[in-house]
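Worksheet: one structure, shown below.
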Amino acid sequence: MSLTEHTSSFTKRFGVMLLAGMPGILALSGYIYLTTPPTTLPPGLSLPLFTVSAAVNSLLLLAVACLVRTYTAPRVGLPSYILDWARTGDDVWRRLRPEVRPAMVLGVIGGLLILLLDVALAPFVAQDVPQSAIGATDRTVMNVLAYAPVRFLYGGITEELLLRYGRLSALAFIGWILTGRQSGGLGSGVMWTAIVISAVLFGIGHLPALAQSVTLTPVLVARTILLNAIAGVLFGWLYWQRSLEAAMVSHAAFHVPLVALSLVQVALL
């Protein structure tokens with residue numbers, strides 16, 4: 001392949017993956033625009049400008065993740081059917097279809113497990129957080145439903161591009177280099193290390209949003225990282241053993257019990 005053909009292929013793969021994450025960014029931007037009270041905006045910043053700045057920030061992070069993974073893809077061999085389609089034209093649905101049902105089941109089970117652990121750990125953080133940080137903080141059914149597209153599109157697709165496609169792939173690539181660039185590909189030790197580190201970082205990434213509503217304590221920090229890291233390990237394993245798209249399906253399904261709990265909480269308010 002010539003340099004021009006290689007550059008064209010790289011650009012196509014990067015562009016396809018970037019576009020795949022755009023619905024999530026649009027869903028998040030729309031939710032920010034519809035639910036942000038004007039009184040909470042920084043001085044001199046209008047709501048449209050605030051929304052656009054949030055979207056641009058998310059887009060830049062997504063672009064970096066897609067650049068990293070598009071470069072490392074041929075080297076670490078982590079599977080993505082969309083990426084293969086951009087390169088060879090392989091049918092995405094034909095390859096993904098056998099993985100959809102088990103991925104959805106694992107996602108729902110994972111969501112239920114997190115809810116059970118959340119309840120089990122609630123007595124230890126009862127003084128730190130007034131209600132489940134996993135469940136609803138919204139006061140109306142409309143707010144819960146308005147946030148659902150963010151959970152399914154941004155959480156299920158865009159976050160997987162950011163955290164598994166980008167971060168996990170980068171960590172696996174670094175591990176591959178540090179272990180001598182084994183010709184047989186990524187070893188299980190390298191992958192599990194990358195998955196766990198990525199999952200812990202996934203949990204840490206939820207702390208800033210939590211800190212906006214409650215005062216963080218060591219117990220609350222540990223609980224938040226643990227609950228989210230468990231989900232991160234599940235999605236990372238699916239990415240490794242199945243495909244990025246299977247991880248996306250599972251992540252979206254993971255939110256089904258959470259949305260259902262949110263609706264129940266709102267109904268009981």
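Summary of values
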| quantity | calculated |
| --- | --- |
| Among residues of segment 47-69, those that are under 16 Å from R164 (Cβ atoms) and exposed (fewer than 15 other Cβ atoms within 10 Å of the Cβ), counted | 1 |
| Pair list, Cβ < 6 Å and 6+ apart or interchain, from segment 174-197 residues that are modelled with pLDDT under 90 to residues that are part of a helix (DSSP H, G or I) and not acidic (D, E) | W176/V76; T179/V190; L186/V76; L186/A172; L186/W176 |
| Total residues in segment 19-71, condition small (G, A, S), in contact with a Leu (Cβ under 7 Å, 6 or more places away or on another chain) and either free of Cβ contacts under 8 Å to residues at least 60 places away in the same chain or over 30 Å from M191 (Cα atoms) (or both) | 2 |
| Output for segment 214-253, where each listed residue is of a type outside the set (A, V, I, L, M, F, W, C) and in a helix (DSSP H, G or I) | P218, R223, T224, N228, G232, G236, Y239, Q241, E245, S250, H251 |
| Segment 83-110, residues that are loosely packed, with under 13 Cβ neighbours inside 10 Å and either in contact with a strand residue (DSSP E or B) (Cβ under 6 Å, 6 or more places away or on another chain) or part of a helix (DSSP H, G or I) (or both) | T88, W93, R94, R97, P98, R101, V105 |
| Residue satisfying condition, being modelled with pLDDT of 95 or more and buried (at least 23 other Cβ atoms within 10 Å of the Cβ), within set V249, V233, V256 | V249 |
| Some residue of segment 8-17 being surrounded by 15 or more Cβ atoms within 10 Å (Cβ to Cβ), touching a residue at least 12 places away in the same chain (Cβ under 8 Å), basic (K, R) and closer than 23 Å to F173 by Cα | yes |
| Of all residues in segment 72-82 being in a helix (DSSP H, G or I) and in contact (Cβ under 8 Å) with a residue 24 or more places away in the chain, the one that is surrounded by the most Cβ atoms within 10 Å (Cβ to Cβ) | V76 |
| Subset of segment 171-213 (residues that are outside any helix (DSSP H, G or I), surrounded by 14 or more Cβ atoms within 10 Å (Cβ to Cβ) and not small (G, A, S)) | L186, H206 |
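The values are calculated or read from the model by the stated rules, or taken from the named source; none is laboratory data. Bear in mind that the values here come from a model prediction, so they are computed numbers and not experimental data. With ideal geometry, Cβ positions are generated from the backbone for all residues, glycine too; neighbour counts draw on all protein chains shown.
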